[in-house]
Amino acid sequence: MTTGAPEIMKRPIIGWGLHDGLVVARRNLIQTIRVPELLFFSLVQPVIFVLLFAYVFGGAIPIPGDDGASAYREYLMPGIFGQTVAFAAAASTVGLAEDMKRGLIDRFRALPMSSGAVLFGRTVADTLRQVLVLTVLSITGLLVGWRINNGIFNAILAYLLLLLFAYTVAWIGSWIGLKVPNPETASTAGLIWLFPLTFLSNAFVPISSMPGWLQVVAAWNPVSSVVLAARELFGNPTGIPSTAWPMQHAALYTLISCAVLIAIFAPLAIRKYRSTTSR
Amino acid sequence: MSDVIEASGLVKRYGEVVALDGLDLRVSEGTVLGLLGPNGAGKTTAVRVLATLLKPDAGTAKVAGHDVRTKPNAVRRSIGLTGQYAAVDEYLTGRENLRMFGGLYHLKPAYVKARTDELLERFDLTAAANRSLRTYSGGMRRRLDLAASLIAKPPILFLDEPTTGLDPRSRLGLWQVIRDLVAEGTTVLLTTQYLDEADQLANEIVVIDKGRVIAKGTADTLKDQIGGDRIEITIADVAKANSAAVALRSVSTGEVSIEDDRLSAPVSGGSTVLVDAIRALDAQDVAVTDLVLRRPTLDDVFLSLTGHAAEEDNSPPPPSRRRGRGQ
Ligand SMILES: Nc1ncnc2c1ncn2[C@@H]1O[C@H](COP(=O)(O)OP(=O)(O)OP(=O)(O)O)[C@@H](O)[C@H]1O
Ligand SMILES: [Mg+2]
């Protein structure tokens with residue numbers, strides 16, 4: 001033995017919880033770099049969506065109130081952004097289910113670290129990955145005719161809202177990841193709720209084209225509000241605005257629903273984390 | 001010496017299954033306790049309760065003087081845990097894994113760096129230190145796993161079947177590491193299904209089955225408990241097994257066990273018993289191809305305590321195994 005007794009760090013200014021969370025986030029980001037295939041495929045799907053919707057369905061979906069040639073593509077891109085960040089939740093689900101299966105969660109739980117740190121690190125890393133995803137998607141969008149029409153400052157706000165939404169669904173995804181018994185189930189359970197969540201929204205078609213009761217669901221769906229807020233901030237066509245409150249105050253409703261969802265799912269996920277063990 | 005692990009009356013249920021059924025354990029400082037039991041005996045559950053991962057349904061446990069229920073973080077500061085399956089990050093390199101755990105133990109970066117190099121060296125992983133774990137063999141992973149739990153030099157170490165799945169050489173290597181740690185003052189609770197492992201490493205052995213302690217003591221006291229030496233014979237004609245059993249029973253001090261053409265029975269009285277056995281077998285007209293007197297192994301202990309061998313599952317014994325009753 002050459003090293004002496006363990007030397008403990010001074011408490012960092014950011015606090016132990018944040019420190020531990022960043023150590024875990026760093027580890028999750030290293031994973032992203034080491035398995036570029038994973039990132040690649042998580043990019044391919046939205047890019048395919050952009051191309052499909054822009055070239056195949058685009059002409060068949062009229063945007064009320066805007067009949068410009070590239071109207072649908074401009075309408076579409078924020079929808080794809082919203083859908084993509086929502087689907088990022090599945091990565092949190094699968095990632096945590098795998099950590100659990102490998103026994104890493106057991107090991108983290110036996111360390112004297114704060115109990116929210118592993119989930120905080122996971123959700124932060126999964127959100128940061130979306131920065132790269134949104135960049136690639138934006139470039140694809142620009143290539144097919146999408147434009148930022150409302151200034152760079154508003155565009156940054158739009159991206160920040162999208163990332164906040166990504167962070168929110170990452171908590172929901174994490175909670176599911178801790179609930180499911182194995183990674184195989186995780187890859188199904190992590191996706192299944194995202195299809196209705198994203199398709200019962202204004203992401204691809206205007207709410208005004210849906211049957212009455214669906215319009216209500218879609219108008220109160222936070223995916224619709226984050227997508228609408230992004231359209232407004234990017235200066236893209238929004239279709240005929242719905243009169244429902246969330247659609248009248250899209251950005252505010254997005255902030256409120258993210259806060260409420262995090263307030264519900266973060267404690268649920270942390271509580272589950274505290275009592276979970278691998279089999 | 002004081003007890004650094006003390007558990008009493010631990011109960012843990014999973015629905016219908018009672019994984020721990022009033023388990024009592026004590027480990028004194030600087031010693032190795034071998035927790036021995038077959039699959040499903042409750043070894044992992046016991047370790048998880050003591051390492052604060054599971055809350056027991058009943059009973060109390062103190063580790064390093066802290067209650068696992070009410071002071072889990074204090075317990076966590078004193079323990080290292082190596083689970084039954086290597087729990088390390090597949091995508092990180094060996095060095096990155098150790099650094100991550102060092103960071104999570106809140107060790108100073110410079111200390112983590114020095115300690116990481118030291119552990120990599122000690123576990124013979126220096127050459128592979130900068131490779132992702134996906135390129136590691138099972139044995140390398142287990143070594144890194146153990147290294148990770150040593151990063152903060154915990155005074156108490158839980159090792160859940162540390163050598164399962166290792167080849168004999170890696171197994172001996174790991175045994176040596178454990179011996180060195182104990183020589184440095186570490187207290188170890190080790191679970192195993194391998195009786196020779198407990199025999200080799202543990203100062204004290206606790207045998208559990210179905211969540212309860214069925215025997216404890218040193219390897220020697222456990223061996224004595226089943227009557228010391230055993231006579232083992234192989235008979236030429238399997239059809240004579242019953243006659244052979246009758247013969248052995250007349251010289252044995254306990255239960256005769258029969259497995260096809262092999263029989264064994266506990267005896268006392270040293271080598272004269274061999275002569276008696278040969279006479280008795282001869283009287284029963286049983287031809288013997290092999291006959292030995294051997295010191296009992298913990299396998300025998302296990303068999304006599306639980307009615308089934310240690311490495312076998314909890315399933316009923318196969319039909320070919322019949323047991324004679326003792327006199
Ligand atoms: N999470 C769980 N849910 C349900 N039953 C469980 C769970 N964990 C353990 N058990 C059951 O509790 C009992 C004890 O299991 P445990 O894992 O502690 O045994 P073990 O001695 O470690 O076995 P092995 O040698 O196979 O590792 C078994 O019957 C097992 O099936
Ligand atoms: Mg086990």
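Quick look at the numbers
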quantity: Förster-model FRET efficiency, 60 Å R0, B:Asp196 and A:Leu191, C-beta, rounded to 0.05; calculated: 0.80
quantity: Alpha carbon centroid spacing (whole Å) that separates the stretch A:228-258 from the stretch B:253-304; calculated: 86 Å
quantity: Two-site label geometry, B:Gln176 and A:Val260: point separation in nm, points 7 Å out along Cα→Cβ; calculated: 6.4 nm
quantity: Per-residue average of Cβ from other chains inside 10 Å of B:106-117; calculated: 4
quantity: Zone of A:Asn154's modelled label, taken as backbone nitrogen in the stretch A:200-242 under 12 Å from a point 7 Å along Cα→Cβ; calculated: A:229-238
quantity: Förster-model FRET efficiency, 41 Å R0, B:Leu291 and B:Thr164, C-beta, rounded to 0.05; calculated: 0.75
quantity: Helical segments meeting 30 Å axial Cα length and Kyte-Doolittle -0.5 threshold in chain A (DSSP H); calculated: A:71-101, A:117-144, A:152-179, A:250-275
quantity: Cα centroid of the stretch A:163-227 to Cα centroid of the stretch B:110-165, whole Å; calculated: 41 Å
quantity: Global form of the stretch A:1-137, assessed from the alpha-carbon gyration tensor, a/c cut-off 1.5; calculated: prolate
quantity: Spacing of the two label points (7 Å from each Cα toward its C-beta) at A:Val56 and B:Ser268, in nm; calculated: 8.5 nm
quantity: Cα gyration tensor of chain B - equivalent ellipsoid semi-axes, whole Å, descending; calculated: 44, 22, 17
quantity: Candidates B:Asn242, B:Asn203, B:Asn39, ranked by Gaussian network fluctuation over chain B, Cα under 10 Å, top entry; calculated: B:Asn242
quantity: Kyte-Doolittle at least 0.0, axis length at least 15 Å by Cα - qualifying DSSP helices, chain B; calculated: B:168-183, B:241-251, B:272-283
quantity: Total lysine pairs whose alpha carbons fall under 27 Å of each other in the stretch B:3-224 (8 or more apart, or interchain); calculated: 26
quantity: Dimensions (Å) - the protein assembly as shown, Cα atoms, principal axes, largest first; calculated: 109, 57, 45
quantity: Mean shadow area of chain A, taken as a quarter of the surface of its Cα convex hull (nm²); calculated: 17.2 nm²
quantity: Distance (nanometres) between label positions extended 7 Å along Cα→Cβ at B:Asp237 and B:Arg122; calculated: 6.2 nm
quantity: Fraction of antiparallel bridges per DSSP, the protein assembly as shown only, in percent to nearest 5; calculated: 70 percent
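All of the numbers you see were taken from the coordinates with simple rules; none came from a lab. If you're wondering where the values come from, they're calculated on a predicted model, not measured in any experiment. Cβ: placed from backbone, ideal geometry, glycine included. Neighbour counts: every protein chain shown.
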